[in-house]
Amino acid sequence: MATPAPASATNCKVILAGSIAKALLAEVAEGLSKLTEKPKLVGFLANGDPAGKMYADWSAKTSRENGFEFDLRVISKEEIEEAVLAANSDSTVNGIIVYYPIFSRTSGQDSYVKELVDLSKDVEGLTHKYVFNMYQNIRYLDAPTNNVKSILPCTPLAVVKVLEYLQIYNSILPYGNRLFGKTITVINRSEVVGRPLAALLANDGAKVHSIDLDGIQVFTRGEGIKKKHHEVHDPPEGFELQDCLAASDVVISGVPSASYKVDPSLLRDGCVCINFSSEKNFDGPAVKEKASIYVPAIGKVTIAVLLRNLLRLVQNQKATAEAAAA
Ligand SMILES: NC(=O)C1=CN([C@@H]2O[C@H](COP(=O)(O)OP(=O)(O)OC[C@H]3O[C@@H](n4cnc5c(N)ncnc54)[C@H](O)[C@@H]3O)[C@@H](O)[C@H]2O)C=CC1
Ligand SMILES: Nc1nc(=O)c2c([nH]1)NC[C@@H]1CN(c3ccc(C(=O)N[C@@H](CCC(=O)O)C(=O)O)cc3)C=[N+]21
């Protein structure tokens, strides 16, 4: 007989990203063992951003430890265009990651750089074709042959992998519908993480409350998840953050501010809390009094997903070459 937890302890289980990343990296190792050459990822750091540098160094270390080559190239803003084009035409390069932001957030110039990366080497899935496929819930580039898989952005996909690990995805249901019946709040609706994440979760069947400073949006596939992909609508009149939280099985937060905390008194008893911000959006001791599961950070999962995406690019490059030869 298992001993019950002492009455004084909380019943919240804290799950660290490392254990989730380990499971994904094992899957990646399996795929890697079937290749004859080491996949090569090239990273471009053109902004002098210390946070970007940290993330890049950390990705480089994990890549090398797991049998991938990672070549970090520190360059100037002015060099980025030619550098990406050169990597596109270098057959020894399998994947390209460009760290953002490079140019001022308001200039829109970063969007131009994103489109420069060759589709077959875009390891973060940031070029328009991949973004389109994600929002439209299209999983392959070569439908109906379905040999070339579409690429999903790393952090939103990392959150999906965390939810699969936690069995929030119900494997009794068919693939693509496994979040049916779940209500999820995502706090952050940025173009790079929050909005794609809300769309992915809704495409998998969830009802998603997407929160940002400009208000709340609801992402769903409609009643009975009959639609092929998500649609977005306004919440009911007077619906506030507290109503979203009270209804949510899962709360995912990514507010980039040290002072922001999700009010623990608004959380549904026994909900699951996940933080993807580099700042702690949940107060640890308080959230543990309410949540059944708490994931304080996901960075390691994001990097495991980056390597999984790189492996997928290599597999896609092979499938494309074989199709061309046939
Ligand atoms: N763990 C990981 O793998 C990754 C973590 N991050 C982290 O996630 C955080 C967010 O990154 P981005 O989305 O790129 O940042 P961002 O600055 O582009 O977007 C943040 C969003 O949060 C919104 N926001 C700010 N205060 C809010 C509030 N009180 N309530 C609701 N929404 C609010 C903003 O309006 C904005 O839309 C950062 O801390 C970043 O470092 C980013 C990428 C990967
Ligand atoms: N093209 C591109 N893709 C990115 O994904 C990208 C980028 N550019 N530019 C820089 C930002 C920053 N970024 C972070 C990754 C992990 C944590 C993170 O939360 N890491 C730790 C916590 C902090 C720590 O341990 O120091 C964790 O989750 O375990 C934060 C920030 C990705 N970025």
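For the reader, a short list of remarks on this structure follows.
- Cβ-Cβ distances below 9 Å connect the following pairs, each with a first residue in the range 98-112 that is farther than 18 Å from Val74 by Cα, a second residue that is open to solvent by less than 40 Å² (accessible area, probe 1.4 Å) and aromatic (Phe, Trp, Tyr), and a separation of six or more residues or different chains: Gln109/Phe103; Tyr112/Phe103.
- Answer from Ala198, Ala206 - the residue that is buried (at least 21 other Cβ atoms within 10 Å of the Cβ) and either under 22 Å from Lys114 (Cα atoms) or within 16 Å of ligand 1 (Cβ to nearest atom) (or both): Ala198
- Residue pairs meeting the criteria (Cβ under 6 Å; at least 6 apart or on separate chains; first farther than 16 Å from Leu119 by Cβ, in the range 145-169; second open to solvent by 50 Å² or more (accessible area, probe 1.4 Å)): Asn146/Tyr140; Tyr169/Arg178
- Lone unmet requirement of (1) within 16 Å of ligand 2 (Cβ to nearest atom); (2) more than 17 Å from Val123 (Cα to Cα); (3) within 13 Å of the chain's Cα centre (by Cα) for Glu164: (1)
- Count of the range 181-191 residues, restricted to those that are at pLDDT 95 or above and near ligand 1 (Cβ under 9 Å from one of its atoms), is 4.
- Elements of type strands (runs of 3 or more DSSP E) contained in the range 225-326, each with 2 or more residues being in contact (Cβ under 8 Å) with a residue 12 or more places away in the chain and open to solvent by 40 Å² or more (accessible area, probe 1.4 Å): 231-233
- For first residues located in the range 5-32 and open to solvent by 90 Å² or more (accessible area, probe 1.4 Å), partners that are modelled with pLDDT under 95 and lie 6+ apart or on another chain with Cβ distances below 7 Å form the pairs Asn11/Ala5.
- Residue within the range 52-65 that is more than 15 Å from Ile303 (Cβ to Cβ) and either within 16 Å of ligand 1 (Cβ to nearest atom) or open to solvent by 70 Å² or more (accessible area, probe 1.4 Å) (or both) present: no
The values are calculated or read from the model by the stated rules, or taken from the named source; none is laboratory data. No experiment lies behind these values; they were computed from the predicted model shown. Ideal geometry is used to build each Cβ from the backbone, glycine not excepted, and the neighbour counts take in all protein chains shown. Note: areas computed on protein heavy atoms with side chains; ligands, DNA, RNA excluded. Shrake-Rupley method; radii C 1.70, N 1.55, O 1.52, S 1.80 Å.
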